[in-house]
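What follows is calculated from the coordinates using simple rules that are stated; it is not laboratory data. Here the structure is a predicted model, which means the values were calculated and not measured. Note that each Cβ is placed from the backbone with ideal geometry, even for glycine, and that neighbours are counted across all protein chains shown.
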Amino acid sequence: MAQKKIGFLSFGHWTPSPQSQTRSAADVLLQSIELAEAAEALGADGAYYRVHHFARQLSSPFPLLAAVGARTKRIEIGTGVIDMRYENPLYMAEAASAADFIAGERLQLGISRGSPEQVIDGWRYFGFQPLEGESDADMGRRHTETLLELLKGKGFAQPNPRPMFPNPPGLLRLEPLSEGLRDRLWWGAGSNATAVWAAKLGMNLQSSTLKDDETGEPFHIQQAKQIRAYREAWKEAGHTREPRVSVSRSIFALVNDMDRAYFGRSGEGSDSIGFISEKTRAIFGRSYAAEPEVLVKQLAEDEAIAEADTLLLTVPNQLGVAYNAHVMEAILTQVAPALGWR
């Protein structure tokens with residue numbers, strides 16, 4: 001297998017339970033920053049965070065991304081993913097650009113239509129409504145297309161003839177605006193069709209641990225086919241740069257008694273099937289939990305990981321920074337080199 005960028009993906013769960021190391025929103029935010037620092041010190045390549053609304057999880061990404069950017073020097077900082085149904089693209093372009101500049105232009109912004117939610121039509125409470133004849137998924141993609149256009153940096157707003165401060169000539173654009181961020185947008189695709197759509201628009205691809213079950217084949221084979229369809233569509237679109245593709249996985253190397261206590265019986269050896277909506281049958285990829293030498297053999301057979309250039313390790317953030325750093329270190333030192341990822 002080719003070398004890969006390896007990072008972590010945290011959902012940022014918190015609960016008041018005494019068993020949790022993240023018992024409040026403050027805990028999970030501060031530990032998210034600390035985990036990024038620890039990952040950078042270990043030589044990992046990315047710190048990524050999931051975004052959910054109306055839940056005891058990470059929600060407002062840009063203050064966190066900016067803080068991580070200010071406290072780290074090298075590691076990529078990203079999201080996986082921001083639900084675009086909830087986003088004002090103009091405000092988002094400004095906030096994302098500001099966070100990107102604070103991070104030294106290391107932001108890798110994962111966005112998508114979103115996933116099943118805690119509340120019914122939660123985007124309504126944020127002031128958004130689909131247009132007539134438009135679904136909420138269509139609305140999310142429309143917000144995305146607006147964001148992509150804004151990040152091109154072209155002026156579009158008519159200047160005030162009597163402004164408080166002098167204006168440059170012509171129509172005005174948003175400020176600040178990170179012009180390089182446009183190439184560091186990723187689309188979280190749940191189907192082959194949305195992966196192809198993302199390729200046509202020139203976005204990188206994020207593929208998670210679940211996707212629409214479109215063929216009945218094992219998850220990693222379906223995901224590999226999705227990635228190949230994306231790359232073919234990218235080529236046909238004539239983009240000049242090489243796209244990036246990430247996949248996420250739950251992978252735990254059992255190297256001590258604590259690992260075995262937590263995950264010794266959780267290595268789900270097969271995929272599972274479920275419904276993420278009334279009409280959408282989804283396939284969920286298996287988890288991996290085994291001794292390093294066993295993991296090497298299992299992961300070598302994962303076709304989708306082989307196709308991707310970036311692997312995001314989903315971490316059990318409620319177990320605390322020190323343990324999650326241990327989880328990453330075990331993969332980086334005892335698994336990745338044997339697979340040629342390092």
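Length gained on full extension, Lys152 to Glu242: 30.6 nm, using 0.36 nm per residue less the C-alpha separation. Ignoring aspartates and glutamates fewer than eight residues from Lys235 along the same chain, the ones with Cα atoms less than 19 angstrom from its Cα are Asp183, Glu307, Asp309. Shown here for segment 65-133: trypsin sites (Lys or Arg not before Pro) in loop regions (DSSP other than H, G, I, E, B) with at most 11 other Cβ atoms within 10 Å, namely Lys73, Arg74. Can you compute the charge dipole magnitude of segment 134-223 about its Cα centre, using +1 on each Lys and Arg Cβ and -1 on each Asp and Glu Cβ, nothing else charged? Give it in debye, rounded to the nearest 20. Charge dipole, segment 134-223, about its Cα centre: 620 debye, nearest 20. With the simple spin-label model, which puts each label point 7 Å out from Cα in the Cβ direction, the Arg281 to Thr15 separation comes to 3.1 nm.
Among beta bridges identified by DSSP and lying wholly in the chain, the antiparallel ones come to about 20 percent.
Measuring nothing but how far apart in sequence close Cα pairs (under 8 Å, 6+ apart) lie, relative to its length, segment 187-232 scores a relative contact order of 43 percent.
In loop segments of segment 282-313 as defined by DSSP, the GluC sites (Glu not before Pro) with at most 11 further C-beta atoms inside 10 Å of their C-beta are Glu301. Sorted fewest first by neighbouring Cβ atoms within 10 angstrom, Met139, Met203, Met164 come out as Met164, Met139, Met203. Each Cα pair under 8 Å and six or more residues apart adds its separation to the average, and for the chain the resulting relative contact order is 20 percent.
A DSSP coil position with no more than 16 other Cβ atoms inside 10 Å describes the following GluC sites (Glu not before Pro) in segment 210-257: Glu214. For the chain, what log10 I(q)/I(0) values come out of the Debye formula at q = 0.06, 0.08, 0.13 1/Å, with one point per alpha carbon and no solvent? Values, matching the q order: -0.22, -0.38, -1.03. For a straight C-alpha distance cut-off of 18 angstrom, the aspartates and glutamates reachable from Lys73 (same-chain residues fewer than eight places away being disregarded) are Glu34, Glu37, Glu40, Asp45, Asp100, Glu105.
In straight-distance terms, cross-link reach from Lys279 covers every one of the lysines whose alpha-carbon lies under 24 Å from its own, apart from those fewer than eight places away in the same chain; here that gives Lys211, Lys225. Rg over Rh for segment 251-342 works out to 1.00, using Cα positions for both radii and the Kirkwood form for Rh. Ellipticity at 222 nm from helices only: DSSP H runs of n ≥ 4 in the chain, each -39500 (n - 2.57), divided by the residue count, give -11000 deg cm²/dmol. Report relative contact order for segment 2-67 in percent, whole number only (criteria: Cα-Cα under 8 Å, sequence separation at least 6). It comes to 38 percent, rounded to a whole number.
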